[in-house]
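Reviewing the structure listed below.
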Amino acid sequence: MLANSRDINFLCTACGKCCDSQPQISVREMYSLLDDFVMEASLICQPTTVPEAFRRRHTPAHAAMGQMVANRAVELGGLKTHSIGGVFGYGKELVVTLAGNALGYPHKRRCPVLTSDNKCGIYDRRPATCRYIPGQHLVPMDQQHLAVGKFRELHGKERCDWSSSAPALVRDGVIVEPTMTEAFRVAESDERGDGLLLQSLLDEDLCLTSSEGEISISDFVTQCLQTHEATIPVAIFTMFLDDLRSHGRLPKGYDVPYFKEVAQRQITLCLALIETNLREKDKAARSHTEMLREHLRVNKALLDFH
Ligand code: SF4
Ligand code: SF4
């Protein structure tokens, strides 16, 4: 591959080396992988214009990529709003996006479902992001050579086949490999769906009383605007979706169990992961075990409260 070429060939040899953290997922995927990952819903905000300070710290190419990702977040239905004096300062226009968040193994630097022989443990139902790598759906469709180039920069020493005998991946900047094209379609549709879901949640502005106190989605968004990110355990998030469903406003395509089932499944998973950590007697796993215990506490408290 020539530097900056808009035509790239590629073959994944399934070495598992780029599965070095948990995958990015959508809210829909979060509910299809409840027995595999400890989950949170996550709100993230970013400026719609890459700040000057960021441009000064990074290369022009990096800043341009950041701007493309921000434009794409708006294009795919992220919520446009303004800073309320948090990390980005006053007056900056922001875009807030909702997604699922699969929690990983910070002490292992590998995806939690990667098996000991470096195979994906959920290959047939792996998230879209794992299907379109080395592309990136948050980069415009006709600029995928830039996303792939970035991946190659990060994973250049791994066993990917970039030779001209590998199948065509990108032609004139656009991904042409059919399974990846389909994964892009799914990821785009999920992203737009999560944008609509966030809008529905804010329109209803639900407020719930739970074991964690009074919580509302707008508080959650306010927190995100102040600190860049806000997360909420999946069982609590599901209580909001249960309410949305009872108002007939849960968008189509979300196969969401009721919150008690979600809490129970996450409890089972947390207990299994804690047991594994304790059995392995790995000191580096302590913070992971503490995180799991906190999720266990939240889920059990919810079930006791209701
Ligand atoms: S879900 Fe599978 S393909 Fe995706 S990062 Fe994890 S192990 Fe890799
Ligand atoms: S590093 Fe390359 S070859 Fe290895 S799993 Fe990732 S994409 Fe495939």
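The values are calculated or read from the model by the stated rules, or taken from the named source; none is laboratory data. Quick caveat: nothing in here was measured; it's all calculated off a predicted structure. In this analysis, Cβ positions are derived from the backbone assuming ideal geometry, glycine residues included, and neighbour counts consider all displayed protein chains.
Some observations on this one:
- Across the stretch 178-192, not a single residue is classified as assigned to a loop (DSSP other than H, G, I, E, B) and buried (at least 20 other Cβ atoms within 10 Å of the Cβ).
- Qualifying residue in the stretch 238-256 (condition: of a type outside the set (Val, Ile, Thr) and over 16 Å from Leu197 (Cβ atoms)): no
- Scanning the stretch 101-126 for residues that are within 15 Å of the chain's Cα centre (by Cα) and within 12 Å of ligand 2 (Cβ to nearest atom) turns up Cys111, Arg126.
- Boolean, Leu76 is closer than 20 Å to Ile175 by Cα, surrounded by 18 or more Cβ atoms within 10 Å (Cβ to Cβ), modelled with pLDDT of 90 or more and away from ligand 1 (no atom under 15 Å from the Cβ): yes
- Condition check for Lys80: more than 16 Å from ligand 2 (Cβ to nearest atom) and of a type in the set (Lys, Arg): yes
- Evaluation of Asp142 against (1) at pLDDT below 95; (2) within 16 Å of ligand 2 (Cβ to nearest atom); (3) over 30 Å from Leu296 (Cα atoms) (one fails), failing number: (2)
- Condition check for Leu206: out of contact with any Leu (no Cβ under 8 Å at 6 or more places or on another chain) and touching a residue at least 12 places away in the same chain (Cβ under 8 Å): no
- Within the stretch 130-155, the set of residues being among the polar types (S, T, N, Q) and in a helix (DSSP H, G or I) comprises Gln143, Gln144.
- In a residue-by-residue description of the stretch 86-101, the property of being part of a helix (DSSP H, G or I) and among the aromatic types (Phe, Trp, Tyr) applies to no position.
- When restricted to residues that are surrounded by 14 or more Cβ atoms within 10 Å (Cβ to Cβ), in a helix (DSSP H, G or I) and of a type in the set (Ser, Thr, Tyr), the stretch 195-221 contains 1.
- If you go through the stretch 130-154 and pick out every residue that is in contact (Cβ under 8 Å) with a residue 60 or more places away in the chain, within 14 Å of ligand 1 (Cβ to nearest atom) and either on the phi > 0 side of the Ramachandran plot or in contact with an Asp or Glu (Cβ under 9 Å, 6 or more places away or on another chain) (or both), you end up with 0.
- The stretch 145-167 - residue that is under 21 Å from the mean Cα position of the chain (by Cα) and near ligand 2 (Cβ under 9 Å from one of its atoms) and, of those, surrounded by the fewest Cβ atoms within 10 Å (Cβ to Cβ): His155
- Pairs with Cβ under 7 Å, 6+ apart, first in the stretch 13-25 and closer than 16 Å to Leu154 by Cα, second of a type outside the set (Gly, Ala, Ser) and within 6 Å of ligand 2 (Cβ to nearest atom): Cys15/Glu158; Cys15/Arg159; Lys17/His155; Lys17/Glu158; Lys17/Arg159; Cys18/Ile133; Cys18/His155; Cys18/Glu158
- Single residue of the stretch 271-291 satisfying the filter (farther than 20 Å from Lys260 by Cβ and aliphatic (A, V, I, L, M)) that is surrounded by the most Cβ atoms within 10 Å (Cβ to Cβ): Leu273
- Selection of the stretch 111-129 for residues being within 8 Å of ligand 1 (Cβ to nearest atom) and either in a strand (DSSP E or B) or within 16 Å of Glu191 (Cβ to Cβ) (or both) yields Leu114, Cys120, Pro127, Thr129.
- Every pair of residues 6+ apart whose Cβ atoms lie under 7 Å, when the first sits in the stretch 274-297 and is basic (Lys, Arg) while the second is surrounded by 11 or more Cβ atoms within 10 Å (Cβ to Cβ): Arg293/Ile274
- Residues (part of a loop (DSSP other than H, G, I, E, B) and either away from ligand 1 (no atom under 14 Å from the Cβ) or among the charged types (D, E, K, R) (or both)) located in the stretch 1-33: Met1, Leu2, Ala3, Asn4, Ser5, Arg6, Asp7, Phe10, Lys17, Asp20
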